[in-house]
Amino acid sequence: MQDLRGVQVAAGAVLGPASQPLSFGNDAIALDSARTGVSLYDRSHWGLIQVGGDDRIRYLHNQSTNDFYQLQPGQGCETVFVTSTARTIDLATAYVLADGVLLLVSPGQNGKLMAWLDRYIFGADRVTLTDLTGTMAIFNLIGPASQDLLTKLGIAVLGGQPEASHREMTIAGVPVRLASGTGLAIAGYTLMTAAADGAILWQALQAAGAVPMGEQVWEQLRIEQGRPLPGRELTEDYNPLEAGLWPTISFTKGCYIGQETIARLNTYQGVKQRLWGVRLSSFAESGAVLMVEEDKVGKLTSVIQTETGPLGLAYVRTKAGGSGLQVRVLSPQADAEPIQGELVAVPFLTHPLEQDEKG
C-alpha cells in the first residue's frame, strides 16, 4: 500500500491509526460530491476474507442470515453473522466467485470473524478460510455521478443489477473487480484490485473527476444513512432485526446459527427496540440516555456534528414510538443540561410496517 499512501498524502491526506486517510482537507466539498456528484473513498482498511473449498456455499448458508443457495458466480448479497442467540457479530458483503466467496467485513473485524468461522468448520467440511486483509486495495465511488464517471473511462457499468453484483474488468491497465453498491444507501460502486495496483487505480479515478473523501466524511454519511458498525450499533446487546437489517435476512431458508431466535422474534413481533436516527439540539456523547417524560426509552450509540446540527443513531424501545418522537437526551455528566432530540428515519435501515403499527 506504500505507493497508494504516498499518492494520497501528496494530495493532502492526513492518515489515521490504520493508515487510512482521515481527511483530504476538503471535507465539505467531498460531502457535497457524495450527495450530488461522485466521491472516492478508500476502504482498504476494511477486512477481507476468502472462503474456499467445495462446501463453501453450504457453509456460509448455514453460518449467516442470507440465502447463499440462490447466488451464482458474479452475484452477491449482504449478510449478518450472529451468535447462537442471534446477537450481531458483523454485517458483511459477500461476493460469490467461481472458486470462492469474498467477504468484505467491517474494519478490525477480520480476526474476530475468522476465529468465529473457524469454530464451525468440522472434520468433514471442505472449507478453507484465508484472511486477505491488506492484500487488496478497495475503493468506493459514492454518488449519483458514479456511473457517468465509469462510462467516461470506457467501462460498461453494472446498471440495473442487484446489489453486490460484480465482474472482472480492466481499468487504467490494471485488473479490477467492479461491484454494484457502496455499503450505504447511496448509488455507487465498489472496486477491488491488488494492493500493488492501488495507486494506479486511485489516480485514474481521481483524474476522471472523483473527489477524494476521508474517513471523517464517510463517518458522517454512515450516521446520516444509518449503517450500523460493530462496537457501536452491532454488539451482543442487539440482534439484526433491532438493527434494521431485515433485507439481509432470509425467513424461508433452513436452519442457521441464530435462526430459531430470529424466526421467533419475527413470528411473534417480538422486536423490543429499534435503531433510529436522532436529530439533536446540541451535541451529546455516545451512551447518553434517551427519555420520554420520566421513562428511559433508549440509548445513543453514535453521534456526529453535521452542517445542520448534531445527528446520532439510537436504539429506542418499540413501544415508545418511531419517527417524529420527541425525546430528552441525558448526558452521563450529572450537571449537564438535557438535550432535545427527535427520531428520524434513515435510509439504510428497514422497519417493517407491522412493527411500526405495533409501536
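Taking the chain as a Gaussian network, Cα atoms linked when under 10 Å apart, which of L150, L91, L275 shows the biggest mean-square fluctuation?
L150
Would the range 228-329 count as rounded, prolate or oblate if I go by the C-alpha gyration tensor, calling it rounded below 1.5 in a/c and otherwise prolate when a/b exceeds b/c, oblate otherwise?
prolate
If contacts are Cα pairs under 8 angstrom and at least 6 residues apart, what is the relative contact order of the chain in percent?
So the answer I get is 18 percent.
With the chain treated as a Gaussian network of Cα nodes joined by springs under 10 Å, which of V174, V217, V51 yields the largest mean-square fluctuation?
The residue that fluctuates most here is V174.
Given a 10 angstrom Cα cut-off, can you work out which residue in A164, A345, A137 is the most mobile in a GNM of the chain?
Comparing A164, A345, A137 in the GNM, the peak value goes to A345.
Compute the Cα gyration tensor for the range 1-56, then decide on rounded, prolate or oblate, letting a ≥ b ≥ c be the square roots of its eigenvalues: rounded whenever a/c is under 1.5, prolate when a/b is larger than b/c in the other cases, and oblate in all that remain.
oblate
When Lys and Arg each count +1 and Asp and Glu each count -1, what net charge do the other residues less than 9 Å away from G181, Cβ to Cβ, add up to?
With Lys, Arg at +1 and Asp, Glu at -1, the net is -2.
Largest first and in whole Å, what are the equivalent-ellipsoid semi-axes of the chain based on the Cα gyration tensor, each being the root of 5 times an eigenvalue?
In descending order, the three semi-axes are 33, 28, 17 Å.
So what are the range 98-166's ellipsoid semi-axes, whole angstrom, largest first, if each one is the square root of 5 times an eigenvalue of the alpha-carbon gyration tensor?
Sorted largest first and rounded, they come to 33, 15, 10 Å.
Report the net charge of residues surrounding E242, where surrounding means a beta-carbon distance below 13 angstrom and charges are Lys +1, Arg +1, Asp -1, Glu -1.
So the surrounding residues net to +2.
For the range 1-130, how big is Rg over Rh, using alpha carbon atoms and the Kirkwood form of Rh?
My calculation of the ratio gives 1.06.
For the range 159-262, state the average projected area of the convex hull of the C-alpha atoms over all orientations, rounded to one decimal in nm².
So the Cα hull casts an average projection of 9.1 nm².
Which net charge results when you count Lys and Arg as +1 and Asp and Glu as -1 among the other residues whose beta-carbon is under 11 Å from that of R56?
Taking every Cβ under 11 Å from that of R56, the sum is -2.
All of the numbers you see were taken from the coordinates with simple rules; none came from a lab. Just so you know, these numbers come straight off a predicted model, no measurement behind them. All Cβ positions, glycine included, derive from the backbone under ideal geometry; neighbour counts span all protein chains shown.
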